[in-house]
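Participant: I have a structure I would like to understand better, so I am pasting it below and will then ask my questions one at a time.
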Amino acid sequence: MKNKHVIDLEDISREELMEIIELANRIMASPEEYSEVCKGKILATLFYEPSTRTQMSFKTAMLRLGGNVIGFDNPQNSSVSKGESLKDTITVVGGYTDIIAIRHPSEGAAKAASMYSAAPVINAGDGGHLHPTQTLTDVVTLYNEKGTLDNMCIGLCGDLKNGRTVHSLIKTMSHFENNSFVLISTPELTVPQYIKDILNRSGCKYQEIPNLKDAMPLLDVLYMTRIQRERFASEEEYEKQKGIFVLDREKLTYAKSDLKILHPLPRVDEIEEDVDYDSRAKYFIQTVYGMYARMALIMTMLKDVDRTPMPRKFDTHNVRCKNPRCITQQEKYLPKRFHKAGGDMLLCRYCDDRTLI
Amino acid sequence: MKNKHVIDLEDISREELMEIIELANRIMASPEEYSEVCKGKILATLFYEPSTRTQMSFKTAMLRLGGNVIGFDNPQNSSVSKGESLKDTITVVGGYTDIIAIRHPSEGAAKAASMYSAAPVINAGDGGHLHPTQTLTDVVTLYNEKGTLDNMCIGLCGDLKNGRTVHSLIKTMSHFENNSFVLISTPELTVPQYIKDILNRSGCKYQEIPNLKDAMPLLDVLYMTRIQRERFASEEEYEKQKGIFVLDREKLTYAKSDLKILHPLPRVDEIEEDVDYDSRAKYFIQTVYGMYARMALIMTMLKDVDRTPMPRKFDTHNVRCKNPRCITQQEKYLPKRFHKAGGDMLLCRYCDDRTLI
Amino acid sequence: MKNKHVIDLEDISREELMEIIELANRIMASPEEYSEVCKGKILATLFYEPSTRTQMSFKTAMLRLGGNVIGFDNPQNSSVSKGESLKDTITVVGGYTDIIAIRHPSEGAAKAASMYSAAPVINAGDGGHLHPTQTLTDVVTLYNEKGTLDNMCIGLCGDLKNGRTVHSLIKTMSHFENNSFVLISTPELTVPQYIKDILNRSGCKYQEIPNLKDAMPLLDVLYMTRIQRERFASEEEYEKQKGIFVLDREKLTYAKSDLKILHPLPRVDEIEEDVDYDSRAKYFIQTVYGMYARMALIMTMLKDVDRTPMPRKFDTHNVRCKNPRCITQQEKYLPKRFHKAGGDMLLCRYCDDRTLI
């Protein structure tokens, strides 16, 4: 692996990504051959906010590789939240275990953790920022269900403004050949400008369609997400619009026969329960692909890992990140680290937020 | 197994029950021979209400078979309770794991879960409804301590009206030869009529005795349970009556020398601590039998299991179950399923409650 | 082992302690040779108050020996706290598992647990009373970092009055040759008289120095602990004094070049983050030694263990322990057990508190 840690899916090169996908498929084909490859290894699942499904997926993945798991699922019940810095917790846990999956409500927390961990760190979600193993799951699902990652028309429906899994999937799929995108949402909840910039730079075609029904006939893949009620301009607006973005059997009659419907789950009411019985619904099998994807990722990251002695000291900037949800707002000892982003702009290395000098 | 899932102990045929009991005994005799039979298998313990003892018994059972365990112990700390349907959770977890033990405060929840699970489901308690592995524990204890399941006089003491383990034990033991029952409680807290109907149909003798002391000399087995203070008609009634149903060393002087005292635990004050040192007290060793009983059950259920692809669609009735504690009250998408119960009565397939058309 | 249970580090003889230290070193040198020595064994971690770090250390230790773990991390989420006695819980869990690590807020709780457990019990902290595996960790750290347990000048800084790890470390190190102690704290927070008695009896030299800077040049080892704000006489006193007991790079300039800095962790602000990058800082590697120390302890305790059938009855005194934090205050059924402590004094066998007859 070019990087020890996987904080962003971009930490994995395209070649590495294809190898992980292929490995996931080999594990799926003969799981018993991989049932002891992580024997004696321990995964820590450090969940600073509860996410039972993600945690169960990681645990199952490690157990099915013959490894073991420790961790916590809610710092409210743990002594970890009481006055101990993220750095100290990670330094200790990185000494106990072989690999760490961290979930945290603050943006950039996984990056911060990786700076102090002797063990490789996987970002299992840092606030609204990144969630690379969800995107890996989506990509493994597409590769298996479509047989390719090229030449697809991918619809994304729901809250495209705030959906981190949507942004990450678009970024990743734009690297493959000849994919196009249909963005299905209200004008207020469309993708941020930086995603459109990525699409434009990569030469991917895309169009925006404000309702799901009209988009249906175009799609090879439909990636559903939820629009939270509070995202709408008003309660009236919500009542008027909500049905437009709900997938039901009626809308499915306009879809291609080989459409694949994905959803990062949990679903609330944006897909009607009836749709589950349609063979195009892939959102449950998607979670099984996710387990194999995580198995392949853990295996790959544990190969020849360099457990550099910690702690290591980093340079610090004299400017502080302005993002109120950035991990540097709570963990004051963290060195202020930025990339230059052109002009007077700095890009926070933790949360990717832009700060003016 | 005639049934894939074990929701009620009635899901197990009498022959299967005897095989599970015999298997439990073989495991007890040489546990090392069984220490890897579930290697590579994963049990999910989905506890929608805390029950530390039951969960520890299931976990220990699976670990002692060489398998592994994931799960949660309190949905308040998990994201599972937040807006995700039981169906979706079970569909996903049934895809990750090989067998599921579910505990839930709503009656019929385990039945509902089993309808959507690719993995076999064990009911680890659904509200006040059923708790088949407790009864399996009781039966394995009796078989080992008595050498038979026939020809016993079984006393049941405490709250016989609301005690699900009492009802289930009576039903099960009434299938064996020549067992009789002594029901020891206040008149208000005696067994429901349907249990008396079962006793009458099976030809089992039974008598009701309103205090423990008078019953003692008759008993081969005493199954103690708790009467909760709030079950008595009044505080005065409680103060007057409570001692009558408490087992102490004095009452034990009236008992047979080979009496076996059982209790589903936790005990509060219905058995005095002094009784623990009497060799007739079997309620602690009963929990060890429970572990072996669960080992035998898990092993048996995992043999040749059919992992039917899910989800499957069920017919739905136009009548809704009236039981306010039924799982169908909360999980509205569940198909309304009933057995005909004679006349205008329907028997809810989830909670076994009777509903008038 | 001379004792089945390890409640106090004094339960381990000096010879046994040296064997455990040597075993920890052998495991550290070739962990793969020990990766299956506890295969098929189960550790229960019963944490009646959360202590994530200690629990993770025990779990990792058992998993790295090839064993498995069950338990709970917070009785608020468990049914254990609801009306079940410690005795009943331990009796049951001692029947399920092979070894128990218990953490409890009440003093003497681990001792009480050991009286009813068929499985050997490790005290993982009982209120402010004892925490033997922390001291074992400290001793393994010193032995590895210094190559000996003799001839050291050991500074102890912070709240020496209430710090159980401080008391236990002094007691243990006073048994070795030619160690001297520097006690660094405010006069109000110095060690209790009984610790000074131990030092005097063992012939160890010690001095009291009221600030860290003056003590620095003398020390081979510095054991840092926290002084809680509320321990100071007043807020003004706190503001005036706090810096005196904080370790920073400036104070380190007065230290020997081979000083070893230890801390039981979690650290709050008594060691500045900058000190982490000094090679004399050993408090993170100390947690890794702690994992190996617990591995060696578990291995040793599981060898030839006698699983005496429980429950067993103990004599009871007619006097009750006066310590409001003693486990006998809550668990009323516990027999009142004392050692004679000279004159009219009795020493509670649970919490070691002195009670006048």
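Read the figures in this text as sums done on the coordinates, not as results from a lab. Note that the coordinates shown come from a computational prediction; the quantities given were computed from them, not determined experimentally. All Cβ positions, even for glycine, are placed from backbone atoms using ideal geometry, and neighbour counts span all protein chains on display.
Participant: Calculate the dipole size of the range B:99-183 relative to its Cα centre from +1 charges on Lys and Arg beta carbons and -1 charges on Asp and Glu beta carbons; express the result in debye to the nearest 20.
Facilitator: Result for the range B:99-183 is approximately 200 debye, rounded to the nearest 20.
Participant: Still on this model: Nearest 20 debye, what's the magnitude of the dipole of the protein assembly as shown about its Cα centre given +1 on Lys and Arg Cβ and -1 on Asp and Glu Cβ?
Facilitator: Computed charge dipole of the protein assembly as shown: roughly 40 debye.
Participant: Further question on the same structure: Return an integer: the convex hull volume of the alpha-carbon atoms of the protein assembly as shown, in Å³ per residue.
Facilitator: Here the figure is 197 Å³ per residue.
Participant: Pick out which of A:GLY342, A:GLY128, A:GLY40 has the largest mean-square fluctuation in a Gaussian network model of chain A, springs linking Cα atoms closer than 10 Å.
Facilitator: Its mean-square fluctuation being the largest, the pick is A:GLY342.
Participant: Same structure again: Roughly speaking, what is the stretch gain from A:ASN178 to A:GLU10, that is 0.36 nm per residue apart minus the C-alpha to C-alpha distance, in nm to one decimal? Kindly include the intermediate steps, with their values, before the conclusion.
Facilitator: Numbers: separation 168, 0.36 × 168 = 60.48 nm, distance 1.97 nm.
That works out to 58.5 nm of additional length.
Participant: May I pose another question? For chain B, build the charge dipole from Cβ charges (+1 Lys, Arg; -1 Asp, Glu) around the Cα centre, then report which of B:ALA281, B:PHE314, B:ILE20 sits farthest towards its positive end.
Facilitator: Selected residue: B:PHE314.
Participant: How about A:LYS87: which aspartates and glutamates have a C-alpha closer than 12 Å to its C-alpha, ignoring those fewer than 8 places off in the same chain?
Facilitator: A:GLU331, C:GLU273, C:ASP276
Participant: Hey, in chain A, which Cys have no second cysteine's beta-carbon closer than 4.7 Å?
Facilitator: For chain A, the answer is A:CYS38, A:CYS153, A:CYS157, A:CYS204, because their Cβ atoms have no other cysteine Cβ under 4.7 Å.
Participant: I would also like to ask the following. For the range B:190-268, how many pairs of lysine residues have a Cα-Cα distance under 19 Å, where the two are 8 or more positions apart or belong to different chains?
Facilitator: Value for the range B:190-268: 9.
Participant: Evaluate the relative contact order of the range A:254-357 (contact order divided by residue number), counting alpha-carbon pairs under 8 angstrom at least 6 apart; express in whole percent.
Facilitator: Details: 84 pairs, mean separation 16.5, N = 104.
For the range A:254-357, the relative contact order is 16 percent.
Participant: Shifting gears a bit: Where nothing but the Cβ of Lys and Arg (+1) and of Asp and Glu (-1) is charged, how large is the charge dipole of the range B:138-281 around its Cα centre, in debye to the nearest 20?
Facilitator: Computed about the Cα centre, the dipole is about 520 debye.
Participant: If the limit is 30 Å between Cα atoms, which of A:LYS161/A:LYS340; A:LYS282/C:LYS39; A:LYS336/C:LYS146 go over it?
Facilitator: Details: A:LYS161/A:LYS340 25 Å; A:LYS282/C:LYS39 40 Å; A:LYS336/C:LYS146 37 Å.
With Cα atoms farther than 30 Å apart: A:LYS282/C:LYS39; A:LYS336/C:LYS146.
Participant: Based solely on C-alpha atoms, express the radius of gyration and the Dmax of the range B:73-174 in angstrom.
Facilitator: For the range B:73-174, the Cα radius of gyration and maximum Cα-Cα distance read 16.6, 51 Å.
Participant: Between A:VAL275, A:VAL191, A:VAL93, find the one with the highest GNM mean-square fluctuation for chain A; connect C-alpha pairs within less than 10 Å.
Facilitator: Largest GNM mean-square fluctuation: A:VAL275.
Participant: A further question follows. Quick one: label points 7 angstrom along Cα→Cβ at B:ARG354, distances to the other copies in nm, smallest first?
Facilitator: 7.2, 7.2
Participant: Going by alpha carbons, how many degrees (0 to 90, nearest 10) lie between the helix axis of C:132-146 and the longest principal axis of chain C?
Facilitator: On a 0 to 90 degree scale, this one is about 40.
Participant: I've got another one for you. Alpha carbon centre of the range A:113-136 versus the range A:306-357: separation in Å?
Facilitator: 16
Participant: Using only the Cα atoms of the range C:231-270, what semi-axes does the equivalent ellipsoid have when each is the square root of 5 times a gyration tensor eigenvalue? Give whole Å, largest first. Please list the in-between numbers first.
Facilitator: Working: eigenvalues 114, 38, 10 Å².
They are 24, 14, 7 Å, listed largest first.
Participant: Which Cα, out of C:PHE245, C:SER114, C:TYR143, lies furthest along the positive dipole direction of chain C (beta carbon charges, K/R +1, D/E -1)?
Facilitator: Working it through, the farthest residue towards the positive pole turns out to be C:SER114.
Participant: Can you compute the modelled spin-label distance between C:HIS339 and A:LYS39, with each label point 7 Å from Cα toward Cβ, in nm?
Facilitator: According to this spin-label approximation, the distance is 4.7 nm.
Participant: Kirkwood Rh over alpha-carbon pairs of the range B:161-282, then Stokes-Einstein at 25 °C and 0.890 mPa s: what D in µm² s⁻¹, rounded to an integer?
Facilitator: 162
Participant: Helix-only estimate, please: 222 nm mean residue ellipticity of chain A, summing -39500 (n - 2.57) across DSSP H runs of length 4 or more and dividing by its residues, to the nearest 500. The partial results should precede the final answer.
Facilitator: On the way: 11 runs with 114 residues, N = 357.
Helix-only estimate at 222 nm: -9500 deg cm²/dmol.
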